[in-house]
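**Q** Got a structure for you, questions after.
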């Protein structure tokens, strides 16, 4: 594991944006309803916000950032860093952060780059931007996190889907009075095939047959551009790595576990998340969920859960959160952050 304490950085604000279009995994014919209801109970995912064909992650992130900057009252010329954490870039090149720097009207002096991470991406993004600001030369920055993960074909075919879409914006600022942010990160590339899109990179360039739905070795028909999920491998990884990593992070800080107000985990699925919660012996009241109403929103799931479930509590007074993301890579990352009434607009729909 890699651990870090980032000092002199204040969590100033958070905005989350989801598509206006909502679909339900229970929208099936009456004869299929009982089976589908059982499946939804197991995975915990019913409603999902999904992008229309003309919508993309960068549009959601742009709206979140625009609203957050307005709510903060920040002058755009003062934003010195823009980090985008996504696996849904507008193009293979250039980086989506460069495009958003221009769309947002940020100065040419603004540092801007992408990080290609999924489910673990929010703590990683906070650590990278926080470290840059902690060095003392960058005063204000934004980290935009999220993905367009939904599969349009699942809407047409009535298929069960885990994934929803979201884009979020978080503002960090240099502040010598801010309490430290603590981080714990890890990776295990030996399990990279557990969550993978095989076609489209240089190792497997896109070919016409990758756009056809063909049966794979596991008997499931899919395109080469579809996500392949190894469910048992993901479950085993999550319950093997996440609880020890969370405990290691807490042990590395001066904070007893009972001083942490809420534990915000990546919203994978109900079985995985409940297993992790029980292994950590955490009370249900301290572990909020958004699975039922938003699905798995990849790297955005932690900030979406903060906005949708904890906004009132966070705005009411000082709040200590442990945030944890885990998945694609395989990778995982946790952080403990103290919030003191940051700016948090209500959930934005686009």
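Here, each number is a calculation from the coordinates, and none is a lab measurement. None of these values were measured; they are calculated from a predicted model. Neighbour counts run over all protein chains shown; Cβ positions are idealised from the backbone, glycine included.
**Q** By how many degrees, between 0 and 90 and to the nearest 10, does the Cα long axis of helix 57-72 differ from the longest principal axis of the chain?
**A** Its long axis makes an angle of about 30 degrees.
**Q** How much of the DSSP beta bridge set in the chain is antiparallel, as a percent to the nearest 5?
**A** Once the DSSP bridges in the chain are tallied, antiparallel ones form about 70 percent.
**Q** Using Cα extents along the principal axes in Å as the read-out, say which of (1) 58, 46, 38; (2) 55, 42, 38; (3) 66, 47, 43 was calculated from these coordinates.
**A** Calculated Cα extents along the principal axes in Å: the matching label is (1).
**Q** Would you mind ranking 88, 331, 299, 131 by Cβ crowding within 10 Å, fewest neighbours first?
**A** So the ranking, lowest neighbour count to highest, is 131, 88, 331, 299.
**Q** In deg cm²/dmol, rounded to 500, what helix-only [θ] at 222 nm does the chain give when every DSSP H run of at least 4 residues adds -39500 (n - 2.57) and the total is split over its residues?
**A** Calculated mean residue ellipticity at 222 nm is -9500 deg cm²/dmol.
**Q** Additional query: Taking Cα pairs under 8 Å and at least six residues apart, what relative contact order does the chain come out at, in percent?
**A** 28
**Q** Still on this structure: For the stretch 277-346 and the stretch 10-58, what is the separation of their C-alpha centers, rounded to whole Å?
**A** Cα centroid of the stretch 277-346 versus Cα centroid of the stretch 10-58: 18 Å apart.
**Q** Kindly put 332, 74 in sequence by how many other C-beta atoms sit within 10 Å of each C-beta, fewest to most.
**A** 74, 332
**Q** If one takes the longest principal axis of the Cα atoms in the chain, at what angle in degrees, from 0 to 90 and to the nearest 10, does the Cα axis of helix 301-316 lie?
**A** Once rounded, one gets 40 degrees.
**Q** Rank these for me by crowding, 122, 255, 192, going from fewest to most other beta carbons within 10 Å.
**A** Taking fewest neighbouring Cβ atoms as first place, the list is 192, 255, 122.
**Q** Determine the percent antiparallel among the DSSP beta bridges restricted to the stretch 262-350, to the nearest 5.
**A** Counting only bridges with both partners in the stretch 262-350, antiparallel ones make up about 70 percent.
**Q** Using Cα atoms only, what is the angle between the long axis of helix 33-43 and the major principal axis of the chain, expressed in degrees (0 to 90) to the nearest 10?
**A** 40
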